[in-house]
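These notes concern the structure reproduced below.
The values are calculated or read from the model by the stated rules, or taken from the named source; none is laboratory data. Computed from a predicted structure; not experimentally measured. Please note: Cβ atoms are built from the backbone with ideal geometry, for glycine as well, and neighbour counts cover all protein chains shown.
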């Protein structure tokens, strides 16, 4: 599910890393966006709307919406579409 080629964008990343999402160990690539690593691992729901609890997924991918807000290493409201993945991160829905 990982995008590898695009006519305009470049996808740069480092070596493989391990991180935890909702208590489950996953792998991704160092310096790729956290949300991209989640989507590549088959995770489509990143958050839920506050009022109606509807699932939210990867939407704008440029840090302008709130669909990807998650808790990362205990810090809430992290925009995972623009935050780079690092080895050992702990990511949870909020």
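For region 22-43, the condition holds for no residue, the condition being that it is in contact with a strand residue (DSSP E or B) (Cβ under 9 Å, 6 or more places away or on another chain), more than 19 Å from residue 2 (Cα to Cα) and not in a loop (DSSP other than H, G, I, E, B). In region 76-94, of all residues being touching a helix residue (DSSP H, G or I) at 6+ places or on another chain (Cβ under 8 Å) and assigned to a loop (DSSP other than H, G, I, E, B), the one that is farthest from residue 41 (Cα to Cα) corresponds to 83. Assessment of region 48-68 against the conditions (more than 21 Å from residue 2 (Cα to Cα), part of a strand (DSSP E or B) and at pLDDT 95 or above) yields no matching residue. Look at region 33-49: where a residue is crowded, with 22+ Cβ neighbours inside 10 Å and a partner is assigned to a helix (DSSP H, G or I), sitting 6+ places away or on another chain with Cβ atoms under 7 Å, you get 46/35; 46/38. Does residue 25 fit the bill of being out of contact with any helix residue (DSSP H, G or I) (no Cβ under 6 Å at 6 or more places or on another chain), within 15 Å of residue 92 (Cα to Cα) and free of Cβ contacts under 8 Å to residues at least 12 places away in the same chain? The answer is yes for residue 25.
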